[in-house]
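Colleague: Pasting a structure below so you can have a look.
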Amino acid sequence: MALSLDGLPEKPAPAEAPSPPVGRRVQASLVFTRGGGTTVLSRQVVPYPFHITRAFRLHPESPDLATLYLQSASGGLYAADHLTLAIAARAGARAHVTTQAGTVVHRGGPEPSRQETRLTIATDAFLALNPDPLILFPGAHLAVSTEITAEPGARAIVTESVACHDPAGEDRPFDRLDLGLTIRTPEGRVLVRERSRIDGTAFTAPDSPMGSHRAYGTMVVLGAPDDARLAGLHLRQAADAAGCLTGVSPLPNGAGLGLRLLALDGGALSAGMDAVFRIVFETLSGCAPGRRRK
């Protein structure tokens, strides 16, 4: 036993509170421009854990449309990560950005894992961003923020989706999910602003606002032409056939269309999102989305 100078036993030092996890702060940047009659990736800053493939030409009937696959080199999002992806489509550029698989969101802590997406789309540009679902593991604490700045005449399809998964098969819920969307003009006028939050226990409870569904997806469509294929009934039928519950409505301030999809699991959600995406992509781009094995 250690003694102090006055002969009394020393008091044990107070235990230090554990330090909160320090996640990665990383931003990737991609710029698509039109040159030589096609779309090229004119600038790229892709630090770890981001990784990209080369630009593929998957559309013989539209060789100017570039398809790019995003990849993660780290196995997903971890506690307190803050990852930002910025994509710019300059005038006349036509690009499709997707992923090769879903992204796992691991157990978090008081500080959420953050994923920010910032899109800038110029007049006469077309950008489709449709990543595979974010897979929420038990205890995941995720905040997703998407900001879109679109010039008049810009066309875009932006999707976002999440699904729950417990590798142990015990149906343990995620911790919390925050979702945010902002669409604005280049002058800064906000056209759409949406915020939502739900706890994992509420998401999976018997009286959940999601019902028995465990997967959720959204799609934003900007600059869509007046086309019968984009009627709400037609899109709902396509997604419903894949096992999804689907809603379609106009966005505020004439910004475009908004879609929401619910599914029992991530597989059904992916099928429904893909069915709707194919219709919208072909309507806006003039060709079906290219196929490459993931």
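Colleague: Would you point out the residue of segment 87-113, among those that are open to solvent by 50 Å² or more (accessible area, probe 1.4 Å) and not polar (S, T, N, Q), that is farthest from Leu30 (Cα to Cα)?
Modeller: Pro110
Colleague: Among Asp171, Asp178, Asp166, which is modelled with pLDDT under 95, closer than 25 Å to Pro131 by Cα and out of contact with any helix residue (DSSP H, G or I) (no Cβ under 8 Å at 6 or more places or on another chain)?
Modeller: It is Asp166.
Colleague: Of the residues that make up segment 136-146, is at least one within 24 Å of Ala55 (Cβ to Cβ) and either in contact (Cβ under 8 Å) with a residue 12 or more places away in the chain or surrounded by fewer than 16 Cβ atoms within 10 Å (Cβ to Cβ) (or both)?
Modeller: yes
Colleague: Tell me, please, whether a residue that is surrounded by 16 or more Cβ atoms within 10 Å (Cβ to Cβ), of a type in the set (Gly, Ala, Ser), touching a Gly at 6+ places or on another chain (Cβ under 9 Å) and farther than 23 Å from Arg184 by Cβ can be found in segment 220-241.
Modeller: yes
Colleague: Do you know which residues across segment 59-86 are open to solvent by less than 10 Å² (accessible area, probe 1.4 Å), aliphatic (A, V, I, L, M) and closer than 27 Å to Arg176 by Cα?
Modeller: Leu77, Ala80
Colleague: Report the residue count in segment 147-156 for those that are among the β-branched types (Val, Ile, Thr) and either in contact with a helix residue (DSSP H, G or I) (Cβ under 8 Å, 6 or more places away or on another chain) or crowded, with 20+ Cβ neighbours inside 10 Å (or both).
Modeller: Residues in segment 147-156 being among the β-branched types (Val, Ile, Thr) and either in contact with a helix residue (DSSP H, G or I) (Cβ under 8 Å, 6 or more places away or on another chain) or crowded, with 20+ Cβ neighbours inside 10 Å (or both): 1 in total.
Colleague: Among the candidates Thr98, Thr33, Thr84, single out the residue that is of a type in the set (Val, Ile, Thr), in contact with a Pro (Cβ under 8 Å, 6 or more places away or on another chain) and modelled with pLDDT of 90 or more.
Modeller: One residue alone meets the criteria, Thr98.
Colleague: Looking only at segment 253-279, count how many residues are assigned to a strand (DSSP E or B) and either out of contact with any helix residue (DSSP H, G or I) (no Cβ under 6 Å at 6 or more places or on another chain) or without any contact (Cβ under 8 Å) to a residue 40 or more places away in the chain (or both).
Modeller: Going through segment 253-279 one residue at a time, the tally reaches 6.
Colleague: Among what's in segment 203-216 and is in contact (Cβ under 8 Å) with a residue 40 or more places away in the chain and in a loop (DSSP other than H, G, I, E, B), pick the residue that is most open to solvent (accessible area, probe 1.4 Å).
Modeller: My answer is Ser212.
Colleague: Can you tell which of Glu194, Glu170, Glu187 is part of a strand (DSSP E or B) and either among the acidic types (Asp, Glu) or on the phi > 0 side of the Ramachandran plot (or both)?
Modeller: Answer to the selection: Glu194.
Colleague: Turning to a different aspect of this structure: Hey, among Gly200, Gly139, Gly180, which residue is small (Gly, Ala, Ser) and farther than 20 Å from Arg260 by Cβ?
Modeller: It is Gly139.
Colleague: Here's a follow-up. Quick check on Ala73: is it within 20 Å of Phe32 (Cα to Cα) and of a type outside the set (Ser, Thr, Tyr)?
Modeller: no
Colleague: With the checklist (1) surrounded by 23 or more Cβ atoms within 10 Å (Cβ to Cβ); (2) farther than 16 Å from Ala215 by Cα; (3) under 18 Å from the mean Cα position of the chain (by Cα) in hand, flag the one item Thr159 doesn't pass.
Modeller: (2)
Colleague: Now, a different point. When segment 253-279 is examined, which residues are found to be open to solvent by 70 Å² or more (accessible area, probe 1.4 Å) and under 27 Å from Arg193 (Cα atoms)?
Modeller: Passing the criteria: Asn253, Gly254, Arg260, Arg278.
Colleague: Something else: How do the pairs read when you match residues in segment 52-71 that are under 16 Å from Ala125 (Cα atoms) with residues anywhere that are part of a strand (DSSP E or B) and of a type in the set (Gly, Ala, Ser), using Cβ under 6 Å and keeping only pairs 6 or more apart or on different chains?
Modeller: Short answer, once both residue conditions are applied: Ala66/Ala95.
Colleague: If you don't mind, another one. Which residues, counting only those in segment 203-240, are over 18 Å from Gly258 (Cβ atoms) and over 22 Å from the mean Cα position of the chain (by Cα)?
Modeller: Answer for segment 203-240, where residues must be over 18 Å from Gly258 (Cβ atoms) and over 22 Å from the mean Cα position of the chain (by Cα): Ala205, Pro206, Asp207, Ser208, Gly211, Ser212, Ala228.
Yes/no per residue for (1) touching a Pro at 6+ places or on another chain (Cβ under 8 Å); (2) open to solvent by less than 60 Å² (accessible area, probe 1.4 Å); (3) closer than 23 Å to Leu134 by Cα; (4) in contact (Cβ under 8 Å) with a residue 12 or more places away in the chain:
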position: Arg184; (1), (2), (3), (4): no, yes, no, yes
position: Thr218; (1), (2), (3), (4): no, yes, yes, yes
position: Leu245; (1), (2), (3), (4): no, no, yes, yes
position: Leu251; (1), (2), (3), (4): no, yes, no, yes
position: Phe281; (1), (2), (3), (4): yes, yes, yes, yes
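The values are calculated or read from the model by the stated rules, or taken from the named source; none is laboratory data. Bear in mind the structure is a predicted one, so any value in this text is a computation, not a measurement. No Cβ is skipped: glycine too gets one built from the backbone with ideal geometry, and neighbour counts run over all protein chains shown. Protein only, heavy atoms only, side chains kept; ligands, DNA and RNA dropped before computing areas. Shrake-Rupley method; radii C 1.70, N 1.55, O 1.52, S 1.80 Å.
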